[in-house]
Structure formats: C-alpha cells, structure tokens
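The values are calculated or read from the model by the stated rules, or taken from the named source; none is laboratory data. All values reported here derive from a predicted model rather than from experimental measurement. Neighbour counts run over all protein chains shown; Cβ positions are idealised from the backbone, glycine included.
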Amino acid sequence: MVWTVPLHEHSWYDHVRLKRVFVTDGTRHQVVLVDLRKLLLCADRDNTDYVLKPVAEWHSGKVRGIREFLDPDSARIPQMPYVTISTRRAPGLLGWIGIEREGVVSFRNGQHRARYLADAGARWCPVEVHEREASLLRELCGAADDARTVIRATQLGGDSRV
C-alpha cells in the first residue's frame, strides 16, 4: 500500500507518497490518519532533546534534502512517520491533582518528514504506531472523518481508499 498525501502550499510538487514501516504479516503496528497540527503539538511536548525547530529555521541544505527525499517522481517511496504516544499530567492545578492529562508524541522515525509536510500544507498524514497505542493516538491526534476522502491508499498496481 502507498498513501498519497496532498500538499496545498508547496511549489515543488502537489503530493507525496508514503509507505508503511512494518510490512510483514503479523505486524503489531497500525496505520493511523492523524491531524498533523495535533500530532506536532503533542510532539513539541516531548521532553527529550530531539524536538526539531520549525522548517523556516532549518538550513537550506536540510530543506533541499528532505524536499528531494519526498519527491513523488522518485522511484523510491519514503516510509511514513513512526511514532509512540503517551500521556502525562497537564500543567496547572487540574493536572497537578491528576484530573487533566495531555498527549506526548515521540518520533521513532520521520520527524523531519512530518514537520516538512505540515509546512508544505498537508493537513493530515498517515503514521505508524504500535497497536497498543493506536486508540490513544486516534483519540488525541486523529484526523477528521473527511481525511479519508483526501488521503488515498493505493495498492501498488491497483486503486483503493482508506
């Protein structure tokens, strides 16, 4: 399967193609369509040292490299981002007493891709996540129902929709 993600603010090309990270039978990972703004908001809460700056602050070589990597005219199809998600206490009184929680996304792979796609006008994107975290990811970062009409999943050599 190859997912086609439209880009609405990108002068180089109007879409990208992404494939799954885990493709073997019996994989315990799922593809979830996410709202990129929600996903990146949760990713910005990651307290590790690897949260990227906005694309506008990347050096030109990095921008050119990711643009070429994602080019749909390339024979190679890049993998979709691969994430983990958890929750933690939200800041403030309600979080302190354990009532309010917030999502925290960590990228295992694909943070540059996700941030570049969001900057290029992609609203939604497929990501891969372990099956035990899929429902939490859908709850906190899931794409709107109309994303399924925009993001196309195509079997190589065929056509279908997610």
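Tabulated data for the structure shown
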{"quantity": "Flag if residue 48 is under 29 Å from residue 138 (Cβ atoms) and surrounded by fewer than 10 Cβ atoms within 10 Å (Cβ to Cβ)", "calculated": "yes"}
{"quantity": "Top-ranked residue in segment 129-162 [being in a helix (DSSP H, G or I) and β-branched (Val, Ile, Thr); ranked as modelled with the lowest pLDDT]", "calculated": "149"}
{"quantity": "Checking residue 33 against (1) assigned to a loop (DSSP other than H, G, I, E, B); (2) under 19 Å from residue 135 (Cα atoms), the condition it does not meet", "calculated": "(1)"}
{"quantity": "Residues of segment 1-45 satisfying the condition of being of a type in the set (Lys, Arg) and surrounded by 11 or more Cβ atoms within 10 Å (Cβ to Cβ)", "calculated": "17, 19, 20, 37, 38, 45"}
{"quantity": "Pick from segment 92-115, criterion in a strand (DSSP E or B) and of a type in the set (A, V, I, L, M), ranking: modelled with the highest pLDDT", "calculated": "105"}
{"quantity": "Checking residue 118 against (1) of a type in the set (Gly, Ala, Ser); (2) at pLDDT below 95; (3) in contact with a Leu (Cβ under 9 Å, 6 or more places away or on another chain), the condition it does not meet", "calculated": "(2)"}
{"quantity": "Residue count, segment 123-154 (criterion: among the aliphatic types (A, V, I, L, M), in contact with a Phe, Trp or Tyr (Cβ under 9 Å, 6 or more places away or on another chain) and farther than 10 Å from residue 32 by Cβ)", "calculated": "5"}
{"quantity": "Odd one out for residue 58, checked against (1) without any contact (Cβ under 8 Å) to a residue 24 or more places away in the chain; (2) surrounded by fewer than 14 Cβ atoms within 10 Å (Cβ to Cβ); (3) not hydroxyl-bearing (Ser, Thr, Tyr)", "calculated": "(2)"}
{"quantity": "Residue list for segment 14-27, filter: out of contact with any His (no Cβ under 6 Å at 6 or more places or on another chain) and more than 14 Å from residue 118 (Cα to Cα)", "calculated": "17, 18, 19, 20, 21, 23, 24, 25, 26, 27"}
{"quantity": "Residue 83 vs. criteria closer than 17 Å to residue 128 by Cβ and modelled with pLDDT under 95", "calculated": "no"}
